[in-house]
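Here's the structure, in structure tokens; my notes come after.
The values are calculated or read from the model by the stated rules, or taken from the named source; none is laboratory data. On a predicted model such as this, the values are computed, not experimentally measured, just so you know. Backbone-built Cβ (ideal geometry, glycine too); neighbour counts: all protein chains shown. What goes into the accessible areas is simple: the full protein's heavy atoms, side chains included, and nothing from ligands, DNA or RNA. Shrake-Rupley method; radii C 1.70, N 1.55, O 1.52, S 1.80 Å.
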Amino acid sequence: MVYGKWFAMKLIRLCTLLLALSIVSFCLISLSPIDPVQAYIGADAMRVSPEQRQEIAAYWGLDDPPVMRYLHWASAILRGDMGTSMLYRTPVADVIGERFLHSAALMAVAWLASGVIGLALGIVAAAHKGRWPDRLITWYCYTIASTPAFWIGLVLLVVFAVWLGWFPVGLAVPAGVLAAEVTLLDRIHHLILPALTLAMVSIAPIALHTREKLLAVLSSDHVLYARARGEKGYALIMRHGLRNILLPAITLQFTSFSELFGGAVLTEQVFSYPGLGQATVAAGLGGDVPLLMGIVLCSALFVFTGNLIADALYKLVDPRMRKGGDG
Amino acid sequence: MVPLLEVRNLQITFTRYTGGLRQHQIKVVDGVDLSVAAGEITAIIGASGSGKSLLAHAILGLLPGNAAMSGKIMYRGEELDARRQEALRGREIAYIPQAVTYLDPTMRVGRQVRLAAGGDRREAADKQRRAFRRYRLGEHVEKLYPFELSGGMARRVLVAAASVSDARLIIADEPTPGLPQAEVREALLQLRELADSGCGVLLITHDIQAALGVADRVVVFYAGSSVETAHAQDFSGDGHLLRHPYSRALWRALPENGFEVLPGAQPQPSDRLEGCLFAPRCAMATAACSKERPEMRHVRGGMVRCYHAT
Amino acid sequence: MRRSIPPGADRSRNRPLNLRRSTLLIIAGTALMLLAILIIGLLIDEQSLVTQPQLRNQAPSPSHWFGTDWLGRDMFARTMKGLLLSIRVGLFGAVASTLLALTFGLLAATGGKRVDRFISWLIDLFLSVPHLVTLIMIAYISGGGLRGIVIGIALTHWPSLARVLRAEAMQIRQAEYVRISERFGKSRFWIARHHVLPHLLPQLMVGFLLLFPHAILHEAAITFLGLGLSPHQPAIGIILNESMRYLSTGMWWLAIFPGISLIIVVRLFGMLGERLGMLLDPRRAHE
């Protein structure tokens with residue numbers, strides 16, 4: 001099986017990647033001037049005696065040499081134990097699992113919406129190359145690319161949540177409501193603004209990419225011949241262009257998981273949305289090393305998955321495309 | 001009688017950016033005059049790089065965005081402007097491209113021919129089947145993708161696509177490159193048939209012998225301009241019936257006429273010659289030739305762009 | 001019919017705004033804006049940043065263009081200071097990142113197969129984690145401060161430029177004159193220094209200019225998240241972060257004006273890089 005071997009290679013690559021990543025991160029953190037005990041104690045520093053400090057250090061194994069600590073930590077991870085978050089005082093795996101569900105909902109909605117809308121905008125821009133729809137769309141894309149995601153979130157917050165009052169100002173569920181009483185509608189209501197923010201940012205690259213690819217197709221010989229046969233407008237683009245740009249567009253969407261995650265970090269911060277991004281910031285601010293390491297590895301896994309799907313799509317779909325996949 | 005297609009003093013200029021974003025205008029087609037009558041084949045011959053294909057694209061209104069055109073194109077006595085071009089493309093004016101790469105690689109060829117036929121689905125399918133039978137294409141060919149066609153089949157599919165559209169004017173751009181001799185003859189005979197049924201055909205080719213076999217009139221291109229319009233019969237003997245020195249040089253360069261190859265090369269558009277484009281290579285050139293470009297003038301029932309032609 | 005041109009007009013000097021002119025305009029505009037921010041930022045002394053309780057929460061007006069915040073600080077002064085800081089951090093980050101990219105790109109192209117493989121593996125490693133996560137981690141590790149942000153930006157932005165430079169350098173190495181040098185026994189280092197580097201300079205310049213806006217955006221993002229700088233420093237991200245707490249009371253100007261100013265700066269630098277890229281590679285101008 002060709003695919004089996006290919007997949008095995010990818011798996012090995014992932015393992016070496018995660019291994020290298022964990023070693024590099026661990027080394028960097030060991031070099032850090034930050035005292036993890038201090039970070040752990042935080043504001044309680046005045047009330048903690050030296051003996052208690054010793055105990056905490058021993059509890060986290062902070063007195064061992066770095067290599068020992070790494071081996072200890074890595075072997076725990078292999079057993080599925082990512083350690084305990086200093087900040088949330090629960091297992092890292094639980095924190096990441098729960099947080100990721102929230103982030104995944106946010107990212108999935110934004111990812112789908114930006115993919116569809118971005119593709120459509122790219123097509124419209126290419127179809128009207130040089131005229132006002134094209135100018136408007138490319139202007140939007142370049143401007144959005146120069147805009148911090150969190151600022152867009154702030155503007156949407158001011159307009160839709162503060163002035164118009166259509167949406168809540170933050171969080172994933174209404175405040176002060178028992179978890180059991182939160183309805184799906186509540187969740188959606190809280191999801192719309194963050195998802196819109198993330199989608200607005202993610203549209204730009206896919207739209208520009210689609211536009212460029214489509215323009216290349218439109219200047220090809222076979223489109224010239226189609227136009228010579230009397231075909232024109234969107235019918236021509238759909239018939240002769242879409243097939244050629246769809247696969248690259250979809251794969252681009254999958255390879256954009258890295259930017260998507262970064263955007264989610266900022267968006268969640270603006271909307272106090274309790275996702276993985278917010279946890280990342282909290283871990284960074286609070287010096288929660290186990291959580292931070294866990295998130296580094298998980299986000300790498302997330303990005304890798306996107307790239308893997310993109311590669312797999314090319315591998316699976318492309319041969320059929322070459323043989324011709326007339327739908 | 002009004003000719004089906006008439007092109008007068010056509011010029012095509014491209015805008016290019018070079019270092020420092022300086023804009024340059026490059027005149028690629030520089031003075032083309034020709035006409036095509038219904039029921040006739042007008043062949044355009046000339047070396048590659050003489051702007052022949054661009055002429056076809058200009059008539060169809062398919063020049064790229066950075067090209068500007070001047071001069072006049074008349075179709076059935078009326079100016080062929082962008083709006084008419086769009087309305088007539090694929091209906092009254094059909095195009096036969098030069099290679100299989102002009103077919104959409106991701107679409108079955110039957111569907112592409114049906115798209116050329118237009119009209120409703122059943123009618124289009126009907127036309128396509130008839131055209132395929134006429135050009136000896138089996139029913140299974142419909143379902144093939146362009147890359148599955150042989151060279152000869154691809155060429156017949158392209159002719160079939162032109163024949164389904166009830167065109168009055170057919171522009172064939174190098175329809176025979178790389179085909180075996182028998183297929184070339186067949187392709188040209190098919191064009192002859194279309195002409196005999198009342199179409200005007202503009203045949204663009206660098207294969208002079210093939211063109212002379214079927215054409216009624218021949219237009220000779222040199223460096224983006226038309227230098228002579230002759231009758232096909234004028235190409236005979238030692239070429240003394242031809243009016244332009246370049247036409248004679250082309251004729252004599254053919255193997256059966258002595259293989260006399262003219263030294264030198266075509267000027268590039270960037271050379272910006274003031275006078276006759278052929279003057280640098282012409283044995284008859286005088287001082288006047290390199291001063292001002294000669295106009296097209298009528299000589300012995302044909303047209304020529306030369307001061308010395310008689 | 002297409003716009004027809006008179007036969008004699010072989011140069012369109014008369015067209016109002018061709019690419020060359022608009023490019024020059026963008027270059028001039030960016031330089032002017034940079035100068036303005038620099039001058040304003042330096043002219044504004046600490047005096048206008050002090051709290052003036054009697055001027056709290058004022059909407060934009062002729063005397064306070066961007067309004068004032070809840071401590072009565074002039075938002076225009078804070079924004080300009082913030083932009084200056086952003087540009088400075090972006091500049092350091094982008095320069096360091098470009099140097100890293102150059103080093104790794106050159107090494108990969110001239111150092112032999114093993115080195116090349118190692119560097120492309122390194123690039124993959126750095127691209128495998130979302131930039132922002134890396135930035136957060138580095139900001140944490142370095143214990144805060146501008147240094148951490150600059151290091152973070154430098155470490156996250158070099159890989160894509162390094163790839164471009166590597167490809168370019170590979171191409172130059174294939175050139176005939178470089179091969180002749182090789183046969184004459186010149187060392188790899190000599191070739192890299194005398195043949196490859198000079199040809200990479202334009203690419204390097206454009207790469208740097210395209211990195212710069214990204215670096216500024218990341219600086220804003222990381223300070224917005226509260227990592228790195230102390231809340232008293234007037235960074236754009238910190239200003240915007242603080243504004244969040246007052247948005248619900250209707251003080252929209254705290255977020256809108258600093259944000260728009262940042263976008264304008266980033267966009268101008270983006271356009272500058274784009275246009276300089278075209279200047280160096282005219283084929284791209286036909287797009």
*Go through (1) away from every other protein chain (no Cβ under 14 Å); (2) touching a Phe, Trp or Tyr at 6+ places or on another chain (Cβ under 8 Å); (3) farther than 26 Å from A:PHE257 by Cα and name the single condition C:LEU71 misses.*
(2)
*asked:* Take B:ALA210 and tell me if it is surrounded by 15 or more Cβ atoms within 10 Å (Cβ to Cβ) and either out of contact with any Gly (no Cβ under 7 Å at 6 or more places or on another chain) or part of a loop (DSSP other than H, G, I, E, B) (or both).
replied: yes
*Can you tell me how many residues in region B:213-229 are crowded, with 24+ Cβ neighbours inside 10 Å and assigned to a strand (DSSP E or B)?*
10
*So, of the residues in region B:155-207 that are of a type in the set (Val, Ile, Thr) and assigned to a loop (DSSP other than H, G, I, E, B), which turns out to be modelled with the highest pLDDT?*
B:VAL164
*Being open to solvent by 20 Å² or more (accessible area, probe 1.4 Å), in the same structural domain as A:ILE295 (by TED's automatic domain parsing) and within 30 Å of A:SER299 (Cα to Cα), is that true of even one residue in region A:125-135?*
no
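With respect to B:SER35, determine if the residue is open to solvent by 20 Å² or more (accessible area, probe 1.4 Å), over 19 Å from B:ALA210 (Cα atoms) and more than 14 Å from every other protein chain (Cβ to nearest Cβ). Lay out the reasoning, then the answer.
Working: open to solvent by 20 Å² or more (accessible area, probe 1.4 Å): yes; over 19 Å from B:ALA210 (Cα atoms): yes; more than 14 Å from every other protein chain (Cβ to nearest Cβ): yes.
Spelling it out, B:SER35 is indeed open to solvent by 20 Å² or more (accessible area, probe 1.4 Å), over 19 Å from B:ALA210 (Cα atoms) and more than 14 Å from every other protein chain (Cβ to nearest Cβ).
Out of all the residues in region C:238-256, which are in a helix (DSSP H, G or I) and either within 8 Å of chain A (Cβ to nearest Cβ) or at pLDDT 90 or above (or both)?
In the first step, residues of region C:238-256 are kept if they are in a helix (DSSP H, G or I); the result is C:238-247, C:253-256.
C:LEU240, C:SER243, C:MET244, C:LEU247, C:ALA255, C:ILE256, listed by residue number.
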*How many of the residues in region B:78-125 are of a type outside the set (A, V, I, L, M), open to solvent by 40 Å² or more (accessible area, probe 1.4 Å) and more than 8 Å from chain A (Cβ to nearest Cβ)?*
13
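The rows are residues; the columns are (1) over 30 Å from B:GLU292 (Cβ atoms); (2) touching a Pro at 6+ places or on another chain (Cβ under 8 Å).
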residue: B:ILE208; (1), (2): no, no
residue: B:ALA215; (1), (2): yes, no
residue: B:GLY224; (1), (2): no, yes
residue: B:SER236; (1), (2): yes, no
_Looking only at region A:143-192, and only at residues there that are within 8 Å of chain C (Cβ to nearest Cβ), modelled with pLDDT under 90 and within 29 Å of C:PRO213 (Cα to Cα), the one that is surrounded by the fewest Cβ atoms within 10 Å (Cβ to Cβ)_ = A:VAL158
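Would you be able to tell me the number of residues in region B:254-281 that are under 17 Å from B:GLU228 (Cα atoms) and open to solvent by less than 30 Å² (accessible area, probe 1.4 Å)?
5
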*Among the residues of region C:104-152, how many are assigned to a helix (DSSP H, G or I), of a type in the set (Gly, Ala, Ser) and closer than 20 Å to C:VAL196 by Cα?*
4
*Would you be able to tell me the number of residues in region A:262-281 that are open to solvent by less than 30 Å² (accessible area, probe 1.4 Å), within 13 Å of A:ARG99 (Cα to Cα) and not hydroxyl-bearing (Ser, Thr, Tyr)?*
8
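Surrounded by fewer than 19 Cβ atoms within 10 Å (Cβ to Cβ) and either more than 19 Å from the chain's Cα centre (by Cα) or not in a helix (DSSP H, G or I) (or both) - does that describe any residue in region C:199-214?
Looking through region C:199-214, at least one residue is surrounded by fewer than 19 Cβ atoms within 10 Å (Cβ to Cβ) and either more than 19 Å from the chain's Cα centre (by Cα) or not in a helix (DSSP H, G or I) (or both).
Among the residues of region C:241-248, is there at least one that is open to solvent by 10 Å² or more (accessible area, probe 1.4 Å), free of Cβ contacts under 8 Å to residues at least 12 places away in the same chain and either within 28 Å of C:ILE153 (Cα to Cα) or in contact with a Ser or Thr (Cβ under 8 Å, 6 or more places away or on another chain) (or both)? Walk me through how you get there before you give the answer.
To start, the set of residues in region C:241-248 that are open to solvent by 10 Å² or more (accessible area, probe 1.4 Å) comprises C:241-242, C:244-246, C:248.
Now narrow it down to the ones that are free of Cβ contacts under 8 Å to residues at least 12 places away in the same chain: C:244-245, C:248.
Pick out the ones that are also either within 28 Å of C:ILE153 (Cα to Cα) or in contact with a Ser or Thr (Cβ under 8 Å, 6 or more places away or on another chain) (or both) and you get C:244-245.
Yes, some residue in region C:241-248 is open to solvent by 10 Å² or more (accessible area, probe 1.4 Å), free of Cβ contacts under 8 Å to residues at least 12 places away in the same chain and either within 28 Å of C:ILE153 (Cα to Cα) or in contact with a Ser or Thr (Cβ under 8 Å, 6 or more places away or on another chain) (or both).
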*Just need a number here: residues in region C:125-154 that are farther than 16 Å from C:LEU100 by Cβ and of a type in the set (Phe, Trp, Tyr).*
1
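How many residues are closer than 20 Å to B:GLN98 by Cβ and touching a Lys or Arg at 6+ places or on another chain (Cβ under 8 Å) when one looks only at region A:219-237? Before you say what the answer is, go through the steps one by one.
As a first pass, look at region A:219-237 and keep what is closer than 20 Å to B:GLN98 by Cβ: A:219-231.
Then drop every residue that is not touching a Lys or Arg at 6+ places or on another chain (Cβ under 8 Å), which leaves A:226-231.
Going through region A:219-237 one residue at a time, the tally reaches 6.
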